[in-house]
Ligand code: MSP
């Protein structure tokens, strides 16, 4: 079976991690964990994009070498990954030898085959965006703020023959409707391709920028950051090594909508095509976390640092919040109130209370052992059926990377378990000595425990620690296969349960 090769964007080393970076890594992690639960071998890679003018300038301002700055930022990002329980198998940094050699190799090959040529460039250049501009980039006759100072320059540079692949790319998109998700983004890329495509300048003269990978065929230049950064996906897969075909083509690139077109949806497919390498199967473009409607970044200066919520409440509530709150592909507005409300309502009241009262009742009425279920009446049939539809729908959503909707189903099942208890009223049954009431009580607790075990199996990729701790109370190891652990079979009957626990304390 081919290994499911999954990547995220590699973050810029010119800033510190924030909610946008954190969300993307959690999203990819939930996908990686879901795939593993479905039995697929997975390779999950993330990393750091370290070259470019801003990193060079930042280091100069601090009076240190760019690599020292990158090492420090890499440590910050890697500690974010640990904080959020991200299960990546690799962390690629574009300053690593394994990456630089692949960039140089691909550039040399493209140059040898005439796909890269030298020419004189005359036009506008934005230092802030590290990008050449055209008249059409002006808005109302002015350069937009994001470009900072724009100057006119004339210089010799190297160009990649992007334009020659435009028609090919259009056909590829038309023939592969699911290449970019959500589908409306694929249409946006097709719109973008209606405009003529210019060849891409892939060099920067060293006297302007030296913090980059030298062009192998002209060491007076370094490589344009996007040409360098995108190659990480093949260098991390071990391009040129024997195991490469086991990973490449990638199964999924997870990225944000701001870097879809042109980098991932235009440059990258064309770079691969021109290098005779197969294209990734799919690109998933997620939306933005916003604050008062604007894209969140480190500089928007939130009063609450969203990452500190993971430190305070634990990584799982944070993971649940971002997965539940953002519909993949759309934007979502961050607010502390929304976070606290999800924490209190979904996690505390629905899930946390279910676990604690169920363990408490089992300890009090049944000596902490999962009872045998003797009845299968209306309420049991109803909750059993609810499980079957929940499983089917939640898995379908999860497979389509629609985790918010999938989690919505799981939590509505969890509320269903609480309703089932309200219907059977075990606390009342426990007061009676009548044999039919004893049997109804045992049935009720056994049914609730089975339902909790199943709901909890579906939470495993999103809240791995909470999942493990609930399973531990049920006397189980963490779930490692959805193929084996999602059937309603009362496998816990007669098994010892653990002590009551408070999963989501109120005072944090
Ligand atoms: N270095 C490039 C990516 C190169 S990939 C070969 C880059 N870095 S970034 O640090 O600016 O962004 C990294 C990822 O975080 C991107 O996918 C971006 O969309 C995502 N986010 C950054 N801010 C975001 C939000 N406010 N919300 C959600 N994600 C956003 O781009």
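The values are calculated or read from the model by the stated rules, or taken from the named source; none is laboratory data. Since the model is a prediction, treat every value here as computed from it, not as a measurement. Virtual Cβ from ideal backbone geometry, glycine too; neighbours counted across all protein chains shown.
What residue, among those in segment 125-145 that are more than 22 Å from residue 55 (Cα to Cα) and in contact with a helix residue (DSSP H, G or I) (Cβ under 9 Å, 6 or more places away or on another chain), is surrounded by the fewest Cβ atoms within 10 Å (Cβ to Cβ)? So the residue we want is 144.
Taken together, 329, 374 contain a single residue that is in a loop (DSSP other than H, G, I, E, B), within 16 Å of the ligand (Cβ to nearest atom) and in contact (Cβ under 8 Å) with a residue 12 or more places away in the chain, which is 329. Listed by position, the strands (runs of 3 or more DSSP E) inside segment 146-263 whose residues that are over 31 Å from the mean Cα position of the chain (by Cα) and surrounded by 15 or more Cβ atoms within 10 Å (Cβ to Cβ) number at least 1 are 150-160, 203-205, 218-223. For residue 91, the requirement of being in a strand (DSSP E or B), more than 23 Å from residue 279 (Cβ to Cβ) and under 18 Å from the mean Cα position of the chain (by Cα) is met. For segment 277-286, the count of residues that are in contact with a helix residue (DSSP H, G or I) (Cβ under 6 Å, 6 or more places away or on another chain), over 18 Å from residue 200 (Cβ atoms), more than 8 Å from the ligand (Cβ to nearest atom) and not in a loop (DSSP other than H, G, I, E, B) is nonzero.
Residues being part of a helix (DSSP H, G or I) and over 30 Å from residue 65 (Cα atoms): count how many of those fall in segment 24-54. Let's see the steps before the verdict.
Here is the first cut: in segment 24-54, the residues part of a helix (DSSP H, G or I) are 24-37, 53-54.
Okay, now just the ones that are also over 30 Å from residue 65 (Cα atoms), so 26-37.
Qualifying residue count for the region: 12.
Is it the case, given these coordinates, that residue 16 is within 15 Å of the ligand (Cβ to nearest atom), surrounded by fewer than 24 Cβ atoms within 10 Å (Cβ to Cβ) and touching a residue at least 24 places away in the same chain (Cβ under 8 Å)? Yes; evaluated as a whole, the condition is true for this residue. Please give the number of the condition residue 41 fails out of (1) touching a helix residue (DSSP H, G or I) at 6+ places or on another chain (Cβ under 9 Å); (2) within 13 Å of the ligand (Cβ to nearest atom). Going through (1) touching a helix residue (DSSP H, G or I) at 6+ places or on another chain (Cβ under 9 Å); (2) within 13 Å of the ligand (Cβ to nearest atom) one by one, residue 41 breaks only (2).
Among the residues of segment 135-144, is any within 16 Å of the ligand (Cβ to nearest atom) and either in contact with a strand residue (DSSP E or B) (Cβ under 8 Å, 6 or more places away or on another chain) or in a loop (DSSP other than H, G, I, E, B) (or both)?
Within segment 135-144, the subset within 16 Å of the ligand (Cβ to nearest atom) is none.
Checking segment 135-144: not a single residue is within 16 Å of the ligand (Cβ to nearest atom) and either in contact with a strand residue (DSSP E or B) (Cβ under 8 Å, 6 or more places away or on another chain) or in a loop (DSSP other than H, G, I, E, B) (or both).
Only one of the numbered conditions (1) modelled with pLDDT under 95; (2) within 14 Å of the ligand (Cβ to nearest atom) is not met by residue 208, and that is (2). The set of residues from segment 249-260 being in contact (Cβ under 8 Å) with a residue 60 or more places away in the chain and within 13 Å of the ligand (Cβ to nearest atom) comprises 250, 253, 254, 255, 256, 257, 259, 260. The set of residues in segment 27-71 being without any contact (Cβ under 8 Å) to a residue 40 or more places away in the chain and within 29 Å of residue 331 (Cα to Cα) consists of 35 alone.
Taking segment 219-237 on its own, how many of its residues are out of contact with any strand residue (DSSP E or B) (no Cβ under 8 Å at 6 or more places or on another chain) and more than 13 Å from the ligand (Cβ to nearest atom)? Number of matching residues: 1. Identification of helices (runs of 4 or more DSSP H) wholly contained in segment 404-505 with 3 or more residues that are in contact (Cβ under 8 Å) with a residue 24 or more places away in the chain and under 30 Å from residue 327 (Cβ atoms) yields 435-459, 464-473, 482-485. Checked across segment 303-314, the condition of being outside any helix (DSSP H, G or I), within 13 Å of the ligand (Cβ to nearest atom) and without any contact (Cβ under 8 Å) to a residue 60 or more places away in the chain holds for no residue. Using the structure shown, decide if residue 354 is in contact with a helix residue (DSSP H, G or I) (Cβ under 7 Å, 6 or more places away or on another chain), buried (at least 21 other Cβ atoms within 10 Å of the Cβ) and free of Cβ contacts under 8 Å to residues at least 60 places away in the same chain. Criteria not met by residue 354.
When 333, 388, 337 are checked against the criterion of being under 24 Å from residue 467 (Cα atoms) and over 17 Å from the mean Cα position of the chain (by Cα), 388 stands alone in meeting it.
The set of residues in segment 145-195 being at pLDDT below 95 and closer than 26 Å to residue 107 by Cβ consists of 153, 154, 155.
Scanning segment 1-13 for residues that are more than 9 Å from the ligand (Cβ to nearest atom) and either free of Cβ contacts under 8 Å to residues at least 40 places away in the same chain or not in a strand (DSSP E or B) (or both) yields 1, 2, 3. Taking the listed residues 269, 263, the one that is within 12 Å of the ligand (Cβ to nearest atom) and closer than 23 Å to residue 234 by Cβ is 263, with no other qualifying.
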